[in-house]
Structures are given as structure tokens and as C-alpha cells.
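> Here you go, one structure.
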Protein chains: 2
Amino acid sequence: MSTLQSRTSLMDQQLHTFITRFLPDLTEEEYAVFSSFFKPWKAKKKSILISPGEVASYMYFIQSGCMRAFYIQDNGNEATRYINFEGNFATSLSSFITARPATDFLDCVEDCQGLRITKEDFFGLVDTYPRFEKIYRRAIEMGMVHNIWRIETLINMDAKTRYETLLKTNPVLIQRLSNRIVASYLGITQESLSRLKANISL
Amino acid sequence: MSTLQSRTSLMDQQLHTFITRFLPDLTEEEYAVFSSFFKPWKAKKKSILISPGEVASYMYFIQSGCMRAFYIQDNGNEATRYINFEGNFATSLSSFITARPATDFLDCVEDCQGLRITKEDFFGLVDTYPRFEKIYRRAIEMGMVHNIWRIETLINMDAKTRYETLLKTNPVLIQRLSNRIVASYLGITQESLSRLKANISL
């Protein structure tokens, strides 16, 4: 098998891997039905997929690349809410769930490709297949646990502890992304991030 | 009907109201099954129901009173993650979902009474009744939307905007609770909160 074929096969596997994490006894027939609603999609680095005021109409599954949800503050600074890499879903979730206008941006931090499903197809699957609803329920439970943790890091940790915790739990985020984006995720200036990096590596 | 009876009847109604918000076509038979697993419970103001290191074993439905989840920082200050009043559920949710030890405290800010269900009964209902799973899925979706909003207030608003937003969206929280707790929810000092209150009312 060529390297290109191996890579394609690995990418095809990712959605299956994601789903079986939440539904280990997924059947081939179920996967065929569920995955048939996901269509290929790609976008260049810096593409903005959702902007404040728009209603999220797609759920994106990332096969390669990196996406993030962020806000632009009155002073022009960015505040990053989350960053997701290949193998994970991304959208402006509140808007996707409620059909209300988004308040955040969703963009591609790197060139991205993957699969996407429309809101209508997604909630059609949720309403039609209790087993798909179970996948969604378990995935959103894990999203909830993650968001509770994110709130804990914001309200219960100083910048240094927040950085050290990120370094321990998600080092790829720090290694792979620019200081500008990592700082906006940690809620600190780039200068503070540089100082933290210098001190930690001493 | 006496006032006491009216109040009791109103409290009995609360769980039904909560559930039908997420499953409007709930049948009487379903409600009888689901509610039979909820048992009466009460605790005095300042009771701590879950502490860091413990695994959450109950989901609490508040019929009267106020509960909150909070952390104690290294300097002894409290950081409040959420505050819920009557008509809502409360627990240390990450621990309840994952069965891992809690990192937060759950306490009663006021004398509380209500209903509670064990983790085993709760997830037994989720696994046995797809319609109960639907209620849970929809409730957790709304919890997710709330937590995304909470993160937005923390990373995208200064203290003044955060206070004004709380005053607009949940004024009862400010009116009913002590400055100590409101300040710990907003992530500011009590002095800053007093200044904000004084300036806004001008």
C-alpha cells in the first residue's frame, strides 16, 4: 500500500474510532447508515467557517488540521474558547444546538480537511436512531466534563498553574500552535507566555 | 386548601415541570416510573454534600433553597463555578458522570429540600428507558449551552460587563445571595463588587 493510501485509510478510520469510543458495540450496518450523512469537506488555514450573528448549520469532523472557537474582544484581542485537532468534532455548539445566532467565530488554525454533516441530518439521526442519540449523549457528556474542567482552570488556577496543567494534559497544543493562539487560549499575554515557557524549561 | 398544602403541591409539581420542559409529551405512566426513583431529601444551610476526593453518588433536585459548586484556592479564597436555585438539579457533575473523585465542593447556600436519585438508579433509567435518556440528553445539552456561556463570560468580558450581564440575565442571584458568594461567582473581590453595585445603581 502506498503512503498516500495508508494515510487515506487512516483518515477513513477516524470517524469510526470516534464513534466506537462512545458505542463500542456499533454494528457495520449502523456505521454505514450514520457515516453516509457525513460529506467530505476542506478549508484553507485562516478560513472562518462561522461568524457571530450566523447560525451554525454544520457539525465538522476534523480528519487533518486544527480548528478553534474564539471571541474578539472590544480591544481587538482574541479570546480562544477551545482548540480541536484531527479525530475530533468542532462547531459553534451553542448555536448548533439552539439555532440561535453564534456569538463566537469558528476558524481553521491550519489547513483542514474532514467530514461534515448538516444540522438537519444530524438531529434527524438523533431523532430516528436511539443508538445515534446514545453516541451523541455520551459525546456531549464528555464535552460537558471537558467544559467543567475548562471553567475550573479559568476560575481556580493562576496563569502559571494553567500553563503547567496544559503542558501536562495537552502538550501538543503548545508545541503545534503559535504563541499568539496558545496565549489567547490561556487568557494571558504573549509576553507572559514567553516568560512561563522560559521559566518552566529552566 | 391550606397554604402548607398549596406549597407542598407546588413543590411536587416542580420535577414534573422540569422534565416536561425537555419532553413535552411525557405520559403520566412514564412520570410515575421516573419519579418513583427520586426520594425526599433535605439539608441545612452550609451543609457540604460532596467534597474533593469523594465520588458523587447522588443527583439532587432542589425544591427549595440554593446549592452551589465551588473550589477552594490555595490562598483560601472560594471560586464558585455555578449556583442553582429551586426547580433545578445540582451535583458534582463531572464526578457523577465519570465516577472519578470530585475536585469541587457542593454545598447548600440556604436550607435546602428536594428530591435525590442515586447514580445507579439514574443511569439505570437512562439505560432502560430511551425516553428518559432523551430527557437527560436534552437537559445536558442545555447545561452545555450554559457552560459555554459561562466560559464566554469568563474569557470575553471584563468584571463590569460580567456583573451587568449577570444583573440582566439572573438578577435573583445578586439579590438573594451574600456579596461574598456573588463576588466568588464573578471572580472579583467583594470590594470590587461593592463598587460595581454602587456605580450601576447611580
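The values are calculated or read from the model by the stated rules, or taken from the named source; none is laboratory data. Here the structure is a predicted model, which is why all the values come from computation and not from measurement. Note: ideal-geometry Cβ built from the backbone for every residue, glycine included; neighbour counts use all protein chains shown. To get the accessible areas, we keep the full protein, side chains included, count just its heavy atoms, and leave off ligands, DNA and RNA. Shrake-Rupley method; radii C 1.70, N 1.55, O 1.52, S 1.80 Å.
> Taking the label point as lying 7 angstrom from Cα along the Cα-to-Cβ axis, what are the distances from B:Lys160 to the corresponding position in the remaining copies, in ascending order and in nanometres?
3.1
> Measuring from a point 7 Å past the Cα of B:Trp149 along Cα-to-C-beta, which residues in region B:165-198 have an amide N at less than 20 Å?
B:165-177, B:182-188
> A further question on this structure: Can you list the distances in nanometres, one decimal and ascending, from the A:Ser47 label point to the identical position in each other copy, with the point 7 Å along Cα to Cβ?
5.5
> So how much slack lies between A:Lys168 and A:Ile200, counting 0.36 nm per residue of separation and subtracting their Cα-Cα distance, in nm?
Computed gain between A:Lys168 and A:Ile200 is 10.3 nm.
> Using a 10 angstrom cutoff on alpha carbons, build the Gaussian network for chain A and name the most mobile of A:Arg137, A:Arg68, A:Arg116.
A:Arg137
> While we're looking at this one, here's another question. Report the full-extension gain for the segment A:Lys45 to A:Lys160: residue separation times 0.36 nm, less the Cα-Cα distance, to one decimal in nm.
Between A:Lys45 and A:Lys160, full extension yields 38.4 nm more.
> Then there's this: Which one, B:Ser51, B:Ser92, B:Ser192, has the greatest fluctuation when you compute a Gaussian network model over chain B with C-alpha springs under 10 angstrom?
Ranking B:Ser51, B:Ser92, B:Ser192 by mean-square fluctuation puts B:Ser192 first.
> Still on this structure, I have one more. Hey, which lysines would be in cross-link range of A:Lys160, C-alpha to C-alpha under 28 Å, not counting anything within fewer than 8 residues on its own chain?
The reachable lysines, counting only those whose Cα sits under 28 Å from A:Lys160, are A:Lys168, A:Lys197, B:Lys160.
> Relative to the other copies, what are the label-point distances for B:Glu30, with labels 7 Å from Cα along the C-beta vector, expressed in nm at one decimal and sorted shortest first?
Nearest to farthest, the other copies are at 2.1 nm.
> With the full set of protein chains in place, find how many percent of the accessible area of the protein assembly as shown is carbon and sulfur; take the probe as 1.4 Å.
Ligands and nucleic acids excluded, carbon and sulfur reach 53 percent.
> Still on this structure: Chains B and A: what accessible area do they bury, summed, in square angstrom to the nearest 100, with a 1.4 Å probe?
In total, chains B and A hide about 3300 Å² from solvent.
> Something else about it: Could you provide, to the nearest whole Å², the per residue accessible area of chain B with probe 1.4 Å?
About 49 Å² of surface per residue is accessible.
> Ok, one more. Roughly how many Å is it from the Cα centre of region A:135-202 to that of region B:157-202, as a whole number?
So the separation of the two Cα centres works out to 27 Å.
> Provide a list, ordered by number, of residues in region B:56-92 showing at least 10 Å² less accessible area with every protein chain present than when their chain is taken on its own, using a 1.4 Å probe.
Residues shielded by partner chains are B:Tyr71, B:Gln73, B:Ala79, B:Arg81.
> Using Cα positions and a limit of under 16 Å, work out the aspartates and glutamates in reach of B:Lys44, with same-chain residues fewer than 8 apart set aside.
Straight-distance partners of B:Lys44: B:Glu86, B:Asp107, B:Glu110, B:Asp111.
> Could you tell me the distance between the Cα centroids of region B:64-129 and region A:61-134, to the nearest Å?
If we compute the Cα centre of each part, the gap is 28 Å.
> With springs connecting C-alpha atoms under 10 Å apart, model chain B as a Gaussian network and identify which of B:Leu106, B:Leu15, B:Leu23 has the largest mean-square fluctuation.
In the Gaussian network model the winner is B:Leu23.
> Looking at chain A only, what percent of DSSP beta bridges run antiparallel? Nearest 5 please.
Among the beta bridges of chain A, antiparallel pairing accounts for roughly 100 percent.
> How high is the relative contact order of region A:19-130? Use alpha-carbon pairs under 8 Å, at least six apart in sequence, and give a whole percent.
Relative contact order here is 38 percent.
> Assuming R0 = 30 Å, what is the FRET efficiency of B:Arg138 and A:Arg176, from their Cβ-Cβ distance, to the nearest 0.05?
Computed FRET efficiency for B:Arg138 and A:Arg176 comes out at 0.25.
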